[in-house]
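The values are calculated or read from the model by the stated rules, or taken from the named source; none is laboratory data. Given the structure is predicted, the values throughout are model-derived calculations rather than measurements. Here the Cβ positions follow ideal geometry from the backbone for every residue, glycine too, while neighbour counts run over all protein chains shown.
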Amino acid sequence: MLRRLRYRIGFLLALLLVSNGVMALTLTTRSLPYAAPDVSFQSQGKTHSLKEYRGHKVLLWMFSTWCHTCVAGVKALEKQQAALEKQGLLILSIRNHNNGGYPGPDMTNFMKKFGPYTLTSNNWVLGESSTEMYRQLNPTRFPDIYFLIDELGQIQVVDTAPNLTMNKIVNFANSASK
Amino acid sequence: MILAALKTVLDSRAYRLITAFSFVVFLLIYLTTLPASYTGGYSSLEALEYLNATLVGFSVLMAALVALLTPMIIYLVRQGQKASKGSAAGGVLIGILAPILCCSPLLPLLMGFIAALIPTLFGTLGVQVQGFIATHQIELFSAASLLLFVALYQNAKKVTQGVCCKV
């Protein structure tokens, strides 16, 4: 009986380790870098294409407004806002199509609550993903995934949770232009 | 009844030590795991940054319940009685799994794999589950605490009933 209890506690600890290990798995099956697909999103009633942003370093962040890492991500990005804007990083904050399949606040209310600076900032673009964009860039339906795209339209980094991986974003913003 | 059972079990120094040790271990586990929904499912010391009063409260409550349950279960087993472990295991698992599964790539990866085999059944289930967990965390932690309390009550009952329930 006591041995079984020890096994169960061991199982619990193993579960924590495995979950941490799975989190380290790559979020894309493609090898980096690769060309960003020419997909579109809606922003302020207009349709925009990713192609329009060629020539800029872009952080394309796709998230759902019900997700906790997304709240932490907005706050973390807002903290780094001055440095990222200075380096000319364009932040495309795109809500997953259909909010990732679960209801939540709309983009404006979400940003008003957690990152009000983003609504007036010059380097932030807020938008809604098209079905095609969601299907091509986020086929596994992660609630929080971002892409760092260089001036040539090449995706250099794919990761999740900007609050935890801010060093990658800052390094990309600081990297020499292509 | 719970107090009487605790008095019986914690009369021994060894069980008091087990209680203290379990409390410290589980408090650390809960403090680093409950805020994991803000760290993409990582339970690490980084998660401590995202603790708030509610999460600290639930961490202390659940760690205390587990710490009181553990010596009681060991006591019952040593007495040759059958301990109630189902609700205890359920409570611990819900408390730990909820923040890990919410907002991490774990569930979408798993569901993506299953969806490849049975697309109609599991295509959007991962997102539904994650969304539900993310928006009902307090309710899930309350349910986990309730299950732990039920387990404490069930085991306390067995301790106070003594050897009459020996299996």
A careful count of residues in the stretch B:39-54 that are surrounded by fewer than 20 Cβ atoms within 10 Å (Cβ to Cβ), small (Gly, Ala, Ser) and under 24 Å from B:Ser142 (Cβ atoms) gives 1
Tell me yes or no: at least one residue of the stretch B:60-81 is away from chain A (no Cβ under 11 Å) and either among the charged types (D, E, K, R) or closer than 29 Å to A:Asn138 by Cα (or both).
no
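Please find, within the stretch B:1-20, the residue that is surrounded by the fewest Cβ atoms within 10 Å (Cβ to Cβ) out of those that are hydrophobic (A, V, I, L, M, F, W, C) and without any contact (Cβ under 8 Å) to a residue 40 or more places away in the chain.
Keep residues of the stretch B:1-20 that are hydrophobic (A, V, I, L, M, F, W, C), which gives B:1-6, B:9-10, B:14, B:17-18, B:20.
Add one more test, that the residue is without any contact (Cβ under 8 Å) to a residue 40 or more places away in the chain, and what stays is B:3, B:14, B:17.
Numbers: B:Leu3: 9, B:Ala14: 11, B:Leu17: 11.
The residue in question is B:Leu3.
Go through the stretch A:162-178 residue by residue and tally those that are within 12 Å of chain B (Cβ to nearest Cβ) and either touching an Asp or Glu at 6+ places or on another chain (Cβ under 6 Å) or surrounded by fewer than 20 Cβ atoms within 10 Å (Cβ to Cβ) (or both).
Restricting attention to the stretch A:162-178, the residues satisfying the condition of being within 12 Å of chain B (Cβ to nearest Cβ) are A:162-166.
Still in the list and also either touching an Asp or Glu at 6+ places or on another chain (Cβ under 6 Å) or surrounded by fewer than 20 Cβ atoms within 10 Å (Cβ to Cβ) (or both): A:165-166.
Count: 2.
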For A:His97, which of the numbered conditions (1) within 14 Å of another protein chain (Cβ to nearest Cβ); (2) within 23 Å of B:Pro35 (Cβ to Cβ); (3) out of contact with any Pro (no Cβ under 8 Å at 6 or more places or on another chain) fails to hold?
(2)
I'd like to verify a number: residues in the stretch A:64-123 that are touching a residue at least 60 places away in the same chain (Cβ under 8 Å), more than 22 Å from A:Thr140 (Cβ to Cβ) and crowded, with 21+ Cβ neighbours inside 10 Å, how many?
3
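So how many residues does the stretch A:124-137 have that are without any contact (Cβ under 8 Å) to a residue 40 or more places away in the chain and crowded, with 16+ Cβ neighbours inside 10 Å? Outline the logic, then answer.
Residues of the stretch A:124-137 that are without any contact (Cβ under 8 Å) to a residue 40 or more places away in the chain, as a first pass: A:124, A:131, A:135.
Now drop any that are not crowded, with 16+ Cβ neighbours inside 10 Å, which leaves A:124.
Selection size over the stretch A:124-137: 1.
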Within the stretch A:138-158, can you find the residues that are surrounded by fewer than 22 Cβ atoms within 10 Å (Cβ to Cβ), not in a strand (DSSP E or B) and not polar (S, T, N, Q)?
A:Pro139, A:Asp150, A:Glu151, A:Leu152, A:Gly153
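Would you tally the residues in the stretch A:159-178 being part of a loop (DSSP other than H, G, I, E, B) and out of contact with any Gly (no Cβ under 8 Å at 6 or more places or on another chain)?
First, the residues of the stretch A:159-178 that are part of a loop (DSSP other than H, G, I, E, B): A:160-165, A:175-178.
Then keep just the ones that are out of contact with any Gly (no Cβ under 8 Å at 6 or more places or on another chain); that gives A:165, A:175-178.
Here the count works out to 5.
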For the stretch B:26-38, indicate whether the set of residues that are surrounded by 15 or more Cβ atoms within 10 Å (Cβ to Cβ) and not in a helix (DSSP H, G or I) is non-empty.
no
Being at pLDDT 85 or above and at the interface with chain A (Cβ under 8 Å from one of its Cβ atoms) is the filter here, so list the residues in the stretch B:82-92 that pass it.
B:Ala89, B:Val92
All-but-one check, B:Pro108 against (1) at pLDDT below 80; (2) under 19 Å from the mean Cα position of the chain (by Cα), failing number (2)
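Hey, does the stretch A:109-122 have a residue that's within 21 Å of A:Lys51 (Cβ to Cβ), hydrophobic (A, V, I, L, M, F, W, C) and at pLDDT below 95?
Narrowing the stretch A:109-122 to residues within 21 Å of A:Lys51 (Cβ to Cβ): A:122.
So of that shortlist, the ones also hydrophobic (A, V, I, L, M, F, W, C) come out as none.
Checked the stretch A:109-122: no residue is within 21 Å of A:Lys51 (Cβ to Cβ), hydrophobic (A, V, I, L, M, F, W, C) and at pLDDT below 95.
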